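Read the structure below first, then the notes.
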Amino acid sequence: MSTPSTSVGEFTVWDYVVFVLMLVTSALIGIYQAIKARGQHSNVQYLLGNRQLRAFPVALSLASSFMSAITVIGTPAEVYRFGAMFLIFCFTYAIVIVISAEFFLPVFYRLNITSTYEYLQMRYNKIVRYIGTSFFIIQTVLYTGIVIYAPALALNQVTGFDLWGVLVATGLVCTLYCTVGGLKAVVWTDVFQSTVMIIGFAAVITRGAVIHGNFAQVLNISYHGGRLNFWDFDPSPTRRHTFWTIVVGGTFVWTAIYGVNQSQVQRYIACRSQLEAKLALYINLVGLWIIAISAVFTGLTMYSIYHQCDPLTQKKIRASDQLLPYLVMDIMRDYPGVPGLFVSAAYSGTLSTVSSSINALAAVTVEDVIKPFTGFSERKLAWVTKGLSFAFGVICITMAALSSVMGGVLQAALTIFGILGGPMLGLFLLGMIFRWANSIGAIAGLGVGFLLTMWIGIGGHVYHPLPTKTRPLPLSTAGCLDLTANIPQSARIGPYLTTHHAPDLTSRKRLTRKSWKQ
């Protein structure tokens, strides 16, 4: 019995062509927006597009920014290891969008502000505003470092490119078009990049369906492997993912993002009317559903192909974040350009998120730190903002190294937003709901909330939860040799297994037993 090859292919010229085209297109969109606005030097134009943006592009921009590289890389791996429970987030997104559109949006839009933290000064005082700004800057820089690292890891896995060279390249491209084009460049590149992400998911799902004959077979294998585990109503808050932890906990996490996070709020308050802003949020909900469903189905497709020959257990890859790049190079290596499309999808996720973060970081720094203490004209503020965009791009690149020691990118991202985003959401809710709350109570509550979430977050990272709480689903290597023993090379799927001769899980088991007898 021969040992299968461990090679899963390499990038071809066409893969590089697809990848470079995506990168060049993103840069050209930013340059075009800069040329289009060359006669306008207002900071409002640069940061808010003169508050004249339309609902549809803003909706796609909102959807792509925080459902980006983390989703492309992390969610399919999450489904592969823990099941499709992640799909319950679709309920969470609906709740979050309604809260954001009907509660938070009217407040921020009527105040006609640029930075959400201006509200904190109006409601409390300057000290609370500066604390809020500091929290946002720290949170966003850390998060952005992760989303720079995630696709760079994917690119390194499938092409052998130098990891840190890719990190720098990612940050520099984002910084370029964000610095020259402002918010309009961010929004329109997000529209293009969200399309690339969905096409990348569709390519993997379609290829999986072709391998198995139809997508029903993918679901059949996933069902027998326990991956269609949607309805877990265990009330324990210490479990990794249940219906309650996702709906209740997820609602707070994502409300902190859509309701009060500058990166999201800045775009929907840039719409030309409050009605357009609400419409953008509700269209964005459909985009979130499409991306989440695509990511989950991609994870199920990955499991259906590797359910009897897990590359993690076989040590073919170092971490679960490399599962999807490995799969793409395995099953797409005979289709020049398609692996490049996947890497473009992951890279698009990075570009959309990082550019939005850089733009928001520059906005809050100018509005909350520089503008109150200077008498700069709008023209000079616009140049200061561009300089800050470049500076924050460099800072985010340096922070990308942090994510290399934080384990799974999905969990790390959610941890950061939980530690910093939760207390900030509480600060805004306190001011909006309770009229008698004052600045002393706000600062005290924020401090206590931060200490508690930091204690929980750091404790969870240092003391990893037991398998009885995370409940990873079983992975198998039983078919790595058996299923390829008597099958021609031309019929194999990648180096490990085939599905052409296994219409369902039962027949696959019979084939395994037969191979062992022979």
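Each reported figure results from applying straightforward, stated rules to the coordinates on display, with no laboratory input. Just so it is clear, the model here is predicted, and its values are computed rather than measured. FYI the Cβ positions are ideal-geometry reconstructions off the backbone, even for glycines, and counts take in every protein chain you see.
Once the piece of chain linking THR12 and ILE199 is laid out straight, how much longer is it, given 0.36 nm per residue of separation minus the C-alpha distance between them?
Values: separation 187, 0.36 × 187 = 67.32 nm, distance 1.94 nm.
Additional length available on full extension: 65.4 nm.
Computed FRET efficiency, Cβ-Cβ of ARG379 and TRP231, R0 51 Å: what is it to the nearest 0.05? It would help to have the intermediate numbers written out before the result.
Details: r = 58 Å, r/R0 = 1.13.
Computed FRET efficiency for ARG379 and TRP231 comes out at 0.30.
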Evaluated over region 59-143, the Cα radius of gyration and Dmax, each in Å: 16.7, 48
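Past the 43 angstrom mark, what percentage of all C-alpha to C-alpha distances in region 13-477 do you count?
It works out to 11 percent of all Cα pairs.
Rounding to the nearest 20 debye, state how big the charge dipole of region 13-477 is about its Cα centre with +1 on each Lys and Arg Cβ and -1 on each Asp and Glu Cβ. Each step should come with its number before you reach the end.
Details: 28 positive and 16 negative charges, 161 e Å.
It comes to approximately 780 debye.
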Computed on Cα atoms, Rg of region 173-259 relative to 2.2 N^0.38 Å comes out at 1.62
I need two numbers for region 191-321: Rg to one decimal and Dmax as a whole number, Cα atoms only, in Å. 18.5, 55
Quick one: which of 421-432, 262-273, 233-244, 455-466 comes out on top by average Cβ neighbours within 10 Å, and what's the full order, highest first? 262-273, 421-432, 233-244, 455-466
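State the extension gain, in nm to one decimal, for the chain segment bounded by ASN125 and THR477, taking 0.36 nm per residue of separation less the distance between their alpha-carbons.
On the way: separation 352, 0.36 × 352 = 126.72 nm, distance 6.02 nm.
Net length gain for the segment: 120.7 nm.
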Per 0.36 nm of contour for each residue apart, how much would the distance between LEU163 and PHE434 grow if the chain were fully extended, relative to their Cα-Cα spacing? 92.7 nm
